[in-house]
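The values are calculated or read from the model by the stated rules, or taken from the named source; none is laboratory data. Since the structure is predicted, the reported quantities are computational estimates derived from the model, not experimental observations. Because the Cβ atoms are built from the backbone with ideal geometry, glycine has one as well, and the counts that use them run over all protein chains shown.
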Amino acid sequence: MRILMLSWEYPPRIVGGISRVVHDLAQKVGEQGNEVHVVTCYEQGAKDIEKDKNVFVHRIHTYDVSVYNFVDWVLQLNFALLEYSIKLINETGRFDIIHAHDWIVAFACRALKNSFSIPQVCTIHATEHGRNWGIHNDMQRYISGVEWWLTFESWRVIVNSEYMKHETNKVFQLPDDKIRVIPNGVDLDKFKGIERDLVFRRSFAADNEKIVFFVGRLVNEKGVHILVDAIPKIVQHYNDVKFVIAGKGPQLEYLKGKVWTMGIGHRVYFTGYIKDEELLKLYKCADVAVFPSLYEPFGIVALEGMVANIPVVVSDTGGLGEIVYHGIDGMKAYTGNANSLADSILEILHNPDKAEEMKSKALEKVNRIYNWDTITRQTMEVYQEIIDDCKRNQWKTDSIAEQLKGLY
């Protein structure tokens, strides 16, 4: 099977979680003997065209996003994606399916679908409605409209959790039989060969101190401010603890100011942007991994914590709430509730035997459910279902080339 994936991010370009999902899925699909091409944005230092293990990666150059507002830049990106993909199809042949990842590539995917009669599937990783707890301005209304249009134009819509199935059903009025729930996965070998480095750990905490760890974008929806608000109660009941917050984002300076205003600045270490190798070492040094999101369609970082064999605490929202069974393979806190979050973290700090048991069960769950072999098989079944449906229904839109032939 020949598969064309369009995504605005692919490693080394990492804006959010989409990059890792597209990379891991594409690699595993390619590993199974399929020909996978990913057309994506150029990232400085990366090759324009390369064979990345099992995937052909095509990185296109676009205008500087700072020159335009974001919506205008997205349109320029789609023109570039479309121009390049047309050339790719003309030179290498027709693809069996086009896989669009989120609204940013919707225009190019739809044009390719109808120009070359290639069925389209999309993955909705998050919605504008969910990210903003509703639609409040024209920009959000526009983006939500494009998201709806992408789902309308797609033969099937893949979402990563039951929560997202409900959300897309409600926001876009999608029928149940058009939606397929396939969870995201995690690299089970991600921490292979990474051991607890005590010298590295001492950069963040003393040997007698526990490390409570967060990693993610520092934006409101990730709920880092809820973790900060929980710190006073935690240190009141467990003195030997430090908090390491890894990541960057628009809330970084606000959060730094907040911890010093609260008098807990000496307890909190902000790493800012952190390289992958240091991030892996940090995971292995942590004693608790905390993900207090206010909105989270899935939550790959929680899976990474489980694979790193750290007890995890998550907020009971979205996909995070589906990943963790409270008190069994992790702890859940009420969403947006600092007091509840503090209690869940303290439960782990005060009960090491229970923490060990939760770690073991979490690791077993990840290996059983969230492995890329299972997820890839489910995705390939959706691809084949779409292709078979197209044949049964004799779905065909005459390509532009075929229409032009009829004129001469």
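For segment 175-200, filtering for residues that are surrounded by fewer than 17 Cβ atoms within 10 Å (Cβ to Cβ), among the basic types (K, R) and touching a residue at least 12 places away in the same chain (Cβ under 8 Å) leaves 3.
Can you list the strands (runs of 3 or more DSSP E) found entirely within segment 262-339 that contain at least 1 residues being closer than 22 Å to E195 by Cα and touching a residue at least 12 places away in the same chain (Cβ under 8 Å)? Step through it out loud before you land on a result.
On the way: elements: 268-272, 288-291, 312-315, 331-333.
Those strands (runs of 3 or more DSSP E) span 268-272, 288-291, 312-315.
Here K51 fulfils each of the conditions (1) closer than 16 Å to V22 by Cα; (2) touching a residue at least 24 places away in the same chain (Cβ under 8 Å); (3) not hydrophobic (A, V, I, L, M, F, W, C) apart from (2). Looking across segment 78-137, the residues that are without any contact (Cβ under 8 Å) to a residue 12 or more places away in the chain and crowded, with 17+ Cβ neighbours inside 10 Å come down to N132, I135. When only residues in segment 324-348 that are more than 22 Å from V235 (Cβ to Cβ) and aliphatic (A, V, I, L, M) count, which is surrounded by the fewest Cβ atoms within 10 Å (Cβ to Cβ)? Going through the qualifying residues, I end up with I328. Among the residues here, V314 does not qualify as modelled with pLDDT under 95 and in contact with a strand residue (DSSP E or B) (Cβ under 6 Å, 6 or more places away or on another chain).
From the list K284, K258, the lone residue that is under 25 Å from K332 (Cβ atoms) and modelled with pLDDT under 95 is K284.
Here Q173 passes the criteria (1) at pLDDT 90 or above; (2) over 18 Å from W103 (Cα atoms) except the one numbered (2). Of the residues in segment 185-206, none is charged (D, E, K, R), within 22 Å of A108 (Cα to Cα) and outside the structural domain of V290 (by TED's automatic domain parsing). The residues on offer are G305, G321, G272, and the sole one that is closer than 18 Å to K210 by Cβ, at pLDDT below 95 and either of a type outside the set (V, I, T) or surrounded by fewer than 18 Cβ atoms within 10 Å (Cβ to Cβ) (or both) is G305.
Does V74 satisfy the condition of being buried (at least 18 other Cβ atoms within 10 Å of the Cβ), among the β-branched types (V, I, T) and out of contact with any strand residue (DSSP E or B) (no Cβ under 9 Å at 6 or more places or on another chain)? First the steps, then the outcome.
Values: buried (at least 18 other Cβ atoms within 10 Å of the Cβ): yes; among the β-branched types (V, I, T): yes; out of contact with any strand residue (DSSP E or B) (no Cβ under 9 Å at 6 or more places or on another chain): yes.
So V74 passes the test.
Filtering segment 345-355 to residues that are closer than 14 Å to K210 by Cβ and part of a helix (DSSP H, G or I) leaves I345, L346, E347, I348, L349, H350, P352, A355.
Residues in segment 22-59 that are surrounded by fewer than 18 Cβ atoms within 10 Å (Cβ to Cβ) and either in contact with a His (Cβ under 9 Å, 6 or more places away or on another chain) or of a type in the set (V, I, T) (or both): Y42, D48, I49, E50, D52. Residues in segment 164-219 that are among the aliphatic types (A, V, I, L, M) and within 18 Å of W148 (Cβ to Cβ): M164, V171, L174, I179. For the residues S203, S161, the requirement of being more than 22 Å from the chain's Cα centre (by Cα) and surrounded by 13 or more Cβ atoms within 10 Å (Cβ to Cβ) singles out S203. Note on segment 352-376: residues that are surrounded by 15 or more Cβ atoms within 10 Å (Cβ to Cβ), farther than 16 Å from V313 by Cα and not β-branched (V, I, T) amount to 3.
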